[in-house]
Structure formats: C-alpha cells, structure tokens
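Engineer: Pasting in a structure now, in structure tokens, and then I'll have a few things to ask.
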Amino acid sequence: MTPQMMKAVVTTGNGGYDQLVYKDVPVPGLQPGEVLIRVLAAGINNTEINTRLGWYSSSVTESTNATSDDGVTPESSDGGWNKETPFPFIQGTDCCGEVVDIAAGGNAALTGKRVLVRACMREHGYESLDNIWMGSDFDGAFAEYVKVPASEVFSVDCDWSDAELGTIPCAYGTSENMLHRAELKAGEVVLVTGASGGVGSATVQLAKRRGATVIAVAGADKHAAMAALGADQLLARDADLLVLLGEQSVDVVVDNVAGSNFPTMLKLLKRGGRLVSSGAIAGPVVDLDMRDMYLKDVRLIGTTAWDEPVFPNLISYIEKGEIKPLLAATFPLREIVVAQQLFLTKQHVGKFVLLPEHAG
C-alpha cells in the first residue's frame, strides 16, 4: 500500500544550499490521466542548480559556477524556465521509477512497470513549442514518489540498473533533440564542447550512432573516457581550436558551454553549418560577429522543447543496446547537497544519481 507521507527534498526559494530541505511531505494524490511513480533513481542536472540559483533570470550574466560561488540571486522574478519558479516545490528532472498507482480510467497494464519519464512535456501538443518541465515547472523526482501525466511515462525493457536508467532522460533527451533539430547526418563532422558532462557524453554517443565523425572538447583527464565512448578526435578545453582544426572545418557544433569561446564556434563552421545549443554553462552573454553568421549561411538553433520522436527514439536505442549509460556516482537522496557540491567541481564524467531510501 502506498504511504500517505514521503521523504522529499523541497527547494524553498532562490539561493544557496540552505534552500534544499529534506523533509516529510504528503504523497501526491492523482487527478484523471495521471499515474503515481515510486522513484527508484533521479539524476542530477545543471538545470536544478540553475533554477535554485535563479540563473535563468535575465539579470544573471555569469556562469553557473560563478553564480553559485558568489551566492548571487536574481534581481527579478524571471528565474524559471517559462515563468516565475513555483517555490516551494520539489525539483528533479530525471526519473526512473515503478508505476504503483493509476488514476481511474487509466491503462492498468502500466502498473508495476519500470519506466522513464519524459521530463519535457508539450502540454498544448507538438504543433506548439510551448513546454513545461517536471522538476522546474512542477514537482519532480527528488522524492520517494512523483505523479506525472500517463502520456509521459515510457516502459523500458533492459538489463540496466535503476541508477543507470536514471542518467538518461534530461541529458540524453536534450542531446537527441539537438541532433534531431540540427539534422546531423552520417559522414558529417560534429564538434561537441563540454563533452565529458552529462549532455556532452550523451552527444558523443548519439552522434556516433548517427555515423558522424565526433571531435570532443574536454579536460585532458577526461580524454580516455571520451575515447571509450567513440570520440574520433580529442581536444583540451584550452586548446586553440582554430589553429588545430582551421576555419570552416566542421558541419555542426553542439555547444552548451558558450561564454568567451562562442565566437570561435562560428568561425569553425563550414558554409551552411549549424550551431545548436541548449545551455550556456560558461556564461549566457556572448559576442556574436554577425558576418560569421550571415556570410556563411550559418543556422543558429536554440532547443528547449523536445520534438515528438525524441524520447521514443531513446527508449528504442536503450532496448536495442545502441547506447550505454555513463554513471559517475550515486548518493542517497538525503545527501543532495554533497552531490551538488561535487557536481559543480566538474571532476566527474557522466551523471550523478540520487537514490531515495524507501522504507521496507
């Protein structure tokens, strides 16, 4: 029987780690069309830290790490993805779990299934780019239980551990969406910045799966791990990419780093090349020489809303053994502060995952 109360990490407002409170809260009740999931594993992402800090606010111009170190909070209320963040609420964008309850009229066959949750939800359908995110716009998976629309639950049949599945939704969904939008083709050359992070390491794998030649930019101590994922060329973060690669040398740049190196990315692109991004961890405000864009017919592609094929594709890749998880470490849910502090040191490769401590 599902308990009435559960342990959860409640984020109480913008600010430091003191805003993360591990406490007892009610297990959410279901509305029509919803299912209740017993959370088995919940991955950690930049977005949870960014949302707590209010980094998405237009008043913040520094990198995630600088914002965290300085304890900066936004000067305005636009610190959420789409609107004002609904504090207090439960974060957690990644969820691997087991369906334990289904609202009346739902598909009873889902009960007991191990599932992944599509965190990016297109509530007005795929004709609109409007989107809401579990763990950013409403309560997420940093808890023992979470409720979600039944349409966003995907059963998965594989031999991966719960923690390994917990690495997938946000990082791999974001990555697959970027490559889908950029229309990456077999034989093209793609440059991946921040390649050792969760999204970056997913992109290396997913780009190789599409038959691309992958150039991975990461710290030298991460190169062996990147090579194991299939990267064809490995470059250090401080490398002079223009000297090593030359102008107009790549077809696609996947850049979630941005910051001071952004101008170089456009110079590296061939005519008709594409730069695709879903983040800016080194700083959201960049220099842009418009001539590097329009004279080469370059496309700049921003991605947040996941397209309809993205998540079903990922489930099929997992079940066919075409990708593999990159699990850096696991932590009990109650140790979220330790996990996020280590996450920000960027010494790991892949994903950190939180594990709720269920009674019984």
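Engineer: Given Cα pairs under 8 Å that are at least 6 residues apart, what percent is the relative contact order of the chain?
Structural biologist: Once divided by the residue count of the chain, the mean separation gives 18 percent.
Engineer: Quick query: amide H of A41 versus all other amide H atoms, modeled in the peptide plane; which residues come in under 5 Å with a sequence gap of 5 or more or a different chain?
Structural biologist: Residues meeting the amide H criterion: C96.
Engineer: For region 171-302, what does the alpha-carbon gyration tensor say about shape, rounded, prolate or oblate, given a ≥ b ≥ c as the root eigenvalues, a/c under 1.5 as rounded, and a/b over b/c as prolate?
Structural biologist: Note, shape of region 171-302 comes out rounded.
Engineer: Can you give me the relative contact order of region 171-302 as a percent, contacts being Cα pairs under 8 Å and 6 or more apart?
Structural biologist: 22 percent
Engineer: Starting with the highest mean, order 295-308, 204-217, 235-248 by the number of other Cβ atoms within 10 Å, averaged over the residues of each peptide.
Structural biologist: 204-217, 295-308, 235-248
Engineer: Highest first, please rank the peptides 157-169, 33-45 by the mean number of other Cβ atoms sitting within 10 Å of their residues.
Structural biologist: The packing order, highest mean first, is 33-45, 157-169.
Engineer: Report, in deg cm²/dmol and to the nearest 500, the calculated mean residue ellipticity at 222 nm for the chain, where each DSSP H run with n ≥ 4 adds -39500 (n - 2.57) and the sum is divided by the residue count.
Structural biologist: -6500 deg cm²/dmol
Engineer: Can you tell me the Rg and Dmax of the chain, counting just the alpha carbons, in angstroms?
Structural biologist: My reading of the Cα-based Rg and Dmax gives 19.9, 64 Å.
Laboratory data are not the source of any read-out in this text; all were calculated from the coordinates shown. Computed from a prediction, not measured in an experiment: that's the story for all the values here. A quick note on method: Cβ atoms are made from the backbone with ideal geometry, for glycine too, and the neighbour counts reach across all protein chains shown.
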